[in-house]
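Visitor: Mind having a look at this structure? Questions to follow.
Please treat every number below as a calculation from the coordinates, not as lab data. Remember, predicted model here, so these are calculated numbers, not experimental data. Because the Cβ atoms are built from the backbone with ideal geometry, glycine has one as well, and the counts that use them run over all protein chains shown.
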Amino acid sequence: MAKITYREALNQAMCNEMERDDRVFLMGEEVAEYNGAYKVSQGMLDKFGPKRVIDTPITELGFAGLGVGAAMAGLRPIIEFMTWNFAILAADQIVNAAAKMKYMTAGQYNCPMVFRGAGGAAARVSSQHSQAFENWYANIPGLKVVMPSNPADAKGLLAASIRDNDTVIFIENEINYGDIGEVPEGEYIIPLGKADIKRVGKDITLVAHSRMTGYALAAAEELAKMGIDAEVVDPRTIRPLDEATILASVAKTNRAVVIEEGWRFAGIGAEISARIMEKGFDDLDAPVARVTGKDVPMPYAANLENHALPSVADIVEAARVTCNRA
Amino acid sequence: MTGKKTQEQAAGLTQEGRFYSAERLHAMHGMMLYIRRFEEKAGQMYGLKKIGGFCHLCNGQEAVCVGMEEASESTDYMMTSYRDHGHIIARGTEPTAVMAELLGRAGGVVGGKGGSMHMFDVEKNFAGGNGIVGEQVPIGLGFAFASQYRGDKRVSITIMGDGGVNQGAVYESFNMAALWKLPVVFVIENNQYAMGTSLSRASAETHLYKRGISFKVPGIQVDGMDVLEVERKMGEAIEHARSGQGPIIVEMMTYRYRGHSMSDPATYRTRDEVDEWRTGRDPIARLQKQMIEAGLATEAEFKQKDKDIKKEVVAVAKAAEAQPEPDLSVLWDDILTDEIPNAYPYPRQVG
């Protein structure tokens, strides 16, 4: 296996799928001549030409809708949002058109397409450019929401998302783009709706996705020094959720902490902890704890920004309290 | 207009150098009249509370529906807003299925999932029936993109109203369509009122065909109460798009006789204004007059035709009403294509 970056892994997935299926095209701001604002589409214009790798004006609602229409007409668009912050402008096309088209037309039309781009908190870009939206999309029937936490998952999940016949919200993480990891070469598919146990443990379950998976793994190392053996579960697909893997882990550890970068109210952690309560109540020896971003817009100053986001120490503390260890 | 039978050709009439056979004129007239009577029936069924929710009728705008359909190929794509009954019927969708949809019946065009605002027929290349004002415009652009991508020369006929044309997405679409020379005809059905707001209260530039100027999208204005002019000008616009010259705007000057929706008594318009359009410019009466003058039909024949159509529409409504409501099991159908059985929310169940 080769060691490559998270962004290169995404690039490989797109290139492989475009070689395999000529209905697939990539469209977005700066994806072609600039090679991607975050260089995810590096070299793709040269490889596939301007017919299939298309720079758009700054017009999110317009090109999101173009993607919806092209998908309805039988193509397989990959629509890149430079970041998910800008996708709010396109929300009508995602929520009112793509997500509902199959249902509203009784199956006559569907929207097999991927909306992808960077989500979550970036570094020092303040409140409008640093936020998590997975819970918005995860609320909506008709959408799938996928969030890779490492390079191999990035490749396997994006390839699966492009092949999927539904609309997939694929949320990458800007901070993770440069992360390096071992990634299988050639075709590599990770089925959607399958969680992954990133670390096996017996004392407590840490459920974390995207960038927070790395934080949870770091917290698990700290916890090990305290004699707490944590299991880390990464759902990878947020909707639909592989809760069986989470519940099986909780059945073994009897304790859980759910971690997310986004806001606490009606967040992903709220849903996951509710499911553990509904389906795993008898397995619990302590209430499920949540570690989330603080309920404030993201500030700019480095110390304030740090303070607004979950930290490894926050996860360690929540796990320690949940395990009732001093 | 030269409303007279030509000697050399079969019976018909010629307008602006374009010949229409008597058979074709009868078909166009019949379709307009059918849509008129269908909409009246829909209004009546709504009054009886058999149709629920929002219901937007197109009485008065029939020439736009029929003329455009006459000018296009069946392989061309068409999509519009929620004022969609007339368009989908003109496209050739079974009226019983349209009425059944209005009534929330199993045999509705989308099985009772959409209602008045969401009529779709993939077989007829009719992509809605879109309920959010202006939403269909970038979608129409996407169909045009797909056509160019495949090189199959299909034109996307993307319809909006004089209200929809103020949405930002429309200008985003004009820009990309012109930039990439996409085969799309942007049709603006200018019925003068966006719900209760008159054009002059909503638009600084009321000549809507000029709205593409800063995007280099040419525009033409058409008398949308004259089905032959709609057919002719729309044919030219479609040819423009199909031949690779890029997008074009067609502003259809028209008028809706009814309110915006069934709950709108339309008190924002004067009776004189409505009468001026209704009695002075009605598209059906106009074509009838032309056909009578050209010796292609008589007043009595039209009266009989109207009677027959009314009867047909009554039968359609009866057949639609006789259909069962959708089976409760379809509630869970058609949410995803690739369901994932072992992940939550689980397909077809609560919890």
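Visitor: Rg/Rh for the range A:213-322 to two decimals, with Rh computed the Kirkwood way over all alpha-carbon pairs.
Guide: 0.97
Visitor: Can I ask one more? Using helices alone, I'd like the mean residue ellipticity at 222 nm for chain B: each DSSP H run of four-plus residues gives -39500 (n - 2.57), total over residue count, nearest 500.
Guide: -13000 deg cm²/dmol
Visitor: Would you be so kind as to identify which of B:174, B:26, B:218 lies farthest towards the positive end of the dipole of chain B, taking Lys and Arg as +1 and Asp and Glu as -1 on Cβ and the Cα centre as origin?
Guide: Selected residue: B:26.
Visitor: Quick one: net charge around residue B:165, please, counting Lys, Arg +1 and Asp, Glu -1 for every other residue with C-beta under 12 Å from its C-beta.
Guide: Here the charged neighbours net out to -2.
Visitor: So which of B:41/B:307; A:51/A:100; A:155/A:194; A:100/B:153; A:39/A:294; A:51/B:153 end up more than 21 Å apart by C-alpha?
Guide: A:51/A:100; A:100/B:153; A:39/A:294
Visitor: Still on this structure, please answer the following. Just from its helices, what would the mean residue ellipticity at 222 nm be for chain A, if runs of 4 or more DSSP H residues each count -39500 (n - 2.57) and the sum is divided by every residue, rounded to the nearest 500 deg cm²/dmol?
Guide: For chain A, the value works out to -10000 deg cm²/dmol.
Visitor: Another question, if that's okay. Please give the Cα centre distance for the range A:50-76 versus the range B:95-151, rounded to the nearest Å.
Guide: Comparing the Cα centres of the range A:50-76 and the range B:95-151, I get a distance of 19 Å.
Visitor: As an exercise, identify the GluC sites (Glu not before Pro) in the range A:1-73 lying in DSSP coil whose Cβ has no more than 10 other Cβ atoms within 10 Å.
Guide: Within the range A:1-73, the qualifying GluC sites (Glu not before Pro) (loop, at most 10 other Cβ atoms within 10 Å) are A:33.
Visitor: Let me ask something else. May I ask for the distance between the Cα centers of the range A:134-159 and the range B:38-55, given as a whole number of Å?
Guide: 43
Visitor: How large is Rg/Rh for the protein assembly as shown, to two decimals, with Cα atoms and a Kirkwood Rh?
Guide: On the Cα set of the protein assembly as shown, Rg over Rh gives 1.05.
Visitor: Then there's this: Please state, to two decimals, what the Cα-based radius of gyration of the range A:2-183 comes to when divided by 2.2 N^0.38 Å (N = residues).
Guide: 0.95
Visitor: Which percentage, to the nearest 5, of the DSSP beta bridges contained in chain B is antiparallel?
Guide: 25
Visitor: Now for a separate question. Can you pull the three principal axis extents for the Cα set of chain A, in Å, largest first?
Guide: Principal extents (largest minus smallest coordinate, Cα): 61, 43, 40 Å.
Visitor: Around residue A:324, with a cut-off of 10 angstrom between Cβ atoms, what is the net charge of the other residues, counting Lys and Arg +1 and Asp and Glu -1?
Guide: Around residue A:324, the charge tally is +2.
Visitor: Something else now. Of the peptides B:46-55, A:76-85, A:90-99, how do they stack up when ordered by the mean number of other Cβ atoms within 10 Å, highest first?
Guide: Listed from highest to lowest mean packing, they are A:76-85, A:90-99, B:46-55.
Visitor: When you count, for each residue, the other Cβ atoms within 10 Å and take the mean per peptide, how do B:324-331, B:279-286, B:259-266 rank with the highest first?
Guide: In decreasing order of mean packing, B:324-331, B:279-286, B:259-266 become B:279-286, B:259-266, B:324-331.
Visitor: Next question. Could you please rank B:209, A:34, placing first whichever residue has the fewest other Cβ atoms within 10 Å of its Cβ?
Guide: By the 10 Å Cβ count, ascending, the order reads A:34, B:209.
Visitor: Taking K and R as +1 and D and E as -1, what net charge do the other residues with C-beta under 9 Å from the C-beta of residue A:216 add up to?
Guide: Local charge sum for residue A:216: +1.
Visitor: Arranged by the count of other C-beta atoms within 10 angstrom, fewest first, what order do A:26, A:66, A:247 take?
Guide: A:247, A:26, A:66
Visitor: Then there's this: To the nearest Å, what is the center-to-center distance of the range A:207-243 and the range B:286-330, using C-alpha atoms only?
Guide: Going from one Cα centre to the other spans 66 Å.
Visitor: Something else: Out of all DSSP beta bridges with both ends in the protein assembly as shown, state the antiparallel percent to the nearest 5.
Guide: 25
Visitor: Here's another thing I want to ask about it. Exposure proxy check: A:291, B:274, A:68 ranked by fewest other beta carbons within 10 Å?
Guide: Neighbour counts put them in this order, fewest first: B:274, A:291, A:68.
Visitor: Right, next: About the Cα centre, and with charges only on the beta carbon of Lys, Arg (+1) and Asp, Glu (-1), how big is the dipole of the range B:25-162? Nearest 20 debye, please.
Guide: For this selection, approximately 360 debye.
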